[in-house]
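These notes concern the structure reproduced below.
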Amino acid sequence: IDLELSLVSMVTRGELYFTGFLNDITDKRQFIASLRDTLKAAESANRAKSEFLANMSHEIRSPMNAIIGLTDLVLNTLLTPEEQRRNLEVVQQSSQALLEIINGILDMSKIEAGQFTLESVPFTVRDQVEGVCEALAVKAHQKGLELHCQLAGDVPKTVEGDPLRLRQILFNLLGNAIKFTTSGEVGIRAERMAWKGGGIREIHLLFSVTDTGIGIPLDKQVMVFDSFTQVDGSVSRRYGGTGLGLAISKHLVDLMGGKIRLESTPGQGSVFHFSVCFRMVEEDRTGEVIPTLAGLGVLAVWPSATGRACLQELLEANGARVRTLDGIETLAAVIRAEEPACNLLIVDHALLGDLISLLDTAPREGRPSPNSLWEDRVLILTPANLGSGNLHGLDRFQHHAFLKKPLRREPLLKAIDRLLGRLVEPATEPGPRAVLRREPHPLDILLVEDSDHSRQLASAVLEQVGHRVTVAERGEQVFELLQRRPCDLILMDLQMPGLGGLETTRRLRAMAPLAGGCHPATVPIIAVTARAQAEDRELCLAVGMNGYLSKPYRPRELLAAIAPVVQAHRDRILRNRLADPPRLRPPVASPEVQAGLRQAFLEQVPALRDVLRRALEQENRETLLRLVPELRGLARNVGAARLGAQLLKLRGKTEGEDWTETRAALQEVEEEFDRVWNALEGTSRDA
Ligand code: ATP
Ligand code: MG
């Protein structure tokens, strides 16, 4: 034991005495040692924090830089549409990267606060695994890596669990594998684990993510699972990343009742294995593999051993006979010896040139036709980042098709079917950019949103398809705006200064119908909010909202969120028309002339209606009065007498002072327009 000796001297009757104390100081020593450890830990945490901050700052600033710089470029310089598009694509990717970082940080803090919950829904294992590989394929192929995705035959088709979180783990592990590998192969493999005890309805799957990259030294293998830690700060700055991915993955695996571990040799590569526990689902036998390729002989030439194994597994499971070769030389040897017995050749794009020269020069003594059956049909495996236009000499083959790597089951089987002429549907080319269609029955939308930019985005999207948008910058304004003008839909932000979206909705739902025809208690309200946690949705629905959309959103997502309201609106209009169809008495004229007049009505009316509505919004009497005769002319041409009368009434009201009455008259005109339109469209179609 550690002792402390203290001595005190004293003189008594001329003699010197000493009193000694021996103290056991083990506790004190331990206390000091523990203080020292704490200090060290604090220092290292502090260092880690600084490193994390430096890293995070870098990770956030780089995409931010691209976003700010490139938007500036697009706004302030003259660029061709292609250049603009390219710049904006980078802006989009950078924004996506930022969003991922933010989601990572949120996940981590939720996990650390113990507030993380998992979903449990049935999902297809193959879709998730292949989906992750597909999403990362371009990244892998740009670096010249082979990417594989393999599911053992015993993995069930459907299980019950949290597909998004499984995807998140796979995404991070495969992302790391690609990031830290410069040559060779990366891939995911899934298999079923032997029964580990636990409930009978539980199933344990083992996923392995393999790479041939820089590897991780033994002494760092435990620490990479800690948050914000990376093997080497300077190295990871080169590769990018915040050091959160593995920490989140480990927590998710823990939550899913599994374990994650890693094997790695520096300079050779790493394998991350993780197990997860899912619930078994009654197997759906209808989706089982039917041996659609029975009787088909396939010869596959691909240098990658894993690739060959994947191909073999997939094709044999569908009944094909498969022979695999590792390169053109082996193929040459085979051809020299015999005519291969197969009716389909699969070849990696890298071997295509060699294959063509071999087929052109191979000696074929005793064989009459140089173009024998087996080389008629060729399926070429191409990397995800390479267009098929880069390949030459293909006219040598009677039939050829391309398949983007990594191998995925459905696309592979489809490509083979197409090549064999069993499927005539054309290969899908990336079409022109989708155009947003104008909505024939636009909605009046009240957008309640305090942020300028969000307002601008939402209005732009909605107006592009023809909806009419009124904005309120805060909750308080909503009530007053609704008094003045009813709306078909409210898009509601949640967090606003003053009255927030939840409280505004609560008050609206408790209100009686308004004089202008609005029913605040029932008007559809959809939350559009940056509060994106699962419980936020519940909150919105609980106060009586009808839908929920989290920011950031893509334009299509906004339109999809309001689609049910649009549909209901359309149905209502349609019912209205069917109940009361207009009687059209077109002027006496030849059928051609009548058709021309109908056409003119259909073409000109939508734009004029837009102007009419806008004029009313701005209470612009002159424009209204100028438009009415023009519209009456068009109505007369198609014999829409009731519409003509209503337009006349509209003119009368416009000349008066009361805008409420004018508005009501316009509403009648609008409805009658819809009826006439519908009747005319029907006639044009029948004609
Ligand atoms: P993030 O995933 O948050 O963007 P990150 O990839 O750096 O950043 P983690 O996924 O947690 O963070 O990985 C932590 C560290 O572990 C990496 O920085 C790297 O040093 C090491 N590492 C992870 N996977 C591999 C791998 N496959 N090969 C080599 N090193 C790896
Ligand atoms: Mg990572």
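Determine whether Arg507 is touching a residue at least 24 places away in the same chain (Cβ under 8 Å) and touching a Phe, Trp or Tyr at 6+ places or on another chain (Cβ under 8 Å).
yes
Restricting Ile200, Ile216 to residues that are more than 25 Å from Leu407 (Cβ to Cβ), within 13 Å of ligand 2 (Cβ to nearest atom) and in a loop (DSSP other than H, G, I, E, B) narrows the list to Ile216.
Restricting Phe21, Phe31 to those that are more than 30 Å from Tyr239 (Cβ to Cβ), open to solvent by 80 Å² or more (accessible area, probe 1.4 Å) and not in a helix (DSSP H, G or I) reduces the list to Phe21.
The residues in the range 320-352 that are open to solvent by 10 Å² or more (accessible area, probe 1.4 Å), in contact with an Asp or Glu (Cβ under 8 Å, 6 or more places away or on another chain) and not in a loop (DSSP other than H, G, I, E, B) can be counted, and the count is 2. Checking the stated criteria, Lys179 turns out to be closer than 24 Å to Gly243 by Cβ, open to solvent by less than 70 Å² (accessible area, probe 1.4 Å) and under 22 Å from the mean Cα position of the chain (by Cα). Applying a threshold of 7 Å to beta carbon distances and a minimum spacing of six or more residues, or different chains, the list of pairs starting in the range 528-545 at a residue that is under 20 Å from Leu558 (Cβ atoms) and ending at one that is among the β-branched types (Val, Ile, Thr) reads Asp536/Thr529; Met545/Thr505; Met545/Ile525; Met545/Ile526. Return the total of residues in the range 455-490 being acidic (Asp, Glu) and under 24 Å from Asp571 (Cβ atoms). Here the count works out to 2. Among residues of the range 243-258 that are in contact (Cβ under 8 Å) with a residue 40 or more places away in the chain, those with a Cβ under 6 angstrom from a residue that is of a type in the set (Lys, Arg) and open to solvent by 20 Å² or more (accessible area, probe 1.4 Å), sequence gap 6+ or separate chain, pair up as Leu252/Arg165. Within the range 44-67, the set of residues being among the aliphatic types (A, V, I, L, M) and exposed (fewer than 13 other Cβ atoms within 10 Å of the Cβ) comprises Ala45, Leu53, Ala54. The residue that is nearest to the chain's Cα centre (by Cα), among those in the range 249-270 that are crowded, with 22+ Cβ neighbours inside 10 Å and within 11 Å of ligand 1 (Cβ to nearest atom), is Ser249.
The values are calculated or read from the model by the stated rules, or taken from the named source; none is laboratory data. Source: prediction; values computed, not measured. Heads up, the Cβs are rebuilt from the backbone with ideal geometry, glycines too, and the neighbour counts pull from every protein chain shown. Each accessible area value is taken on the protein alone, full model and side chains, heavy atoms only, with ligands, DNA and RNA left out. Shrake-Rupley method; radii C 1.70, N 1.55, O 1.52, S 1.80 Å.
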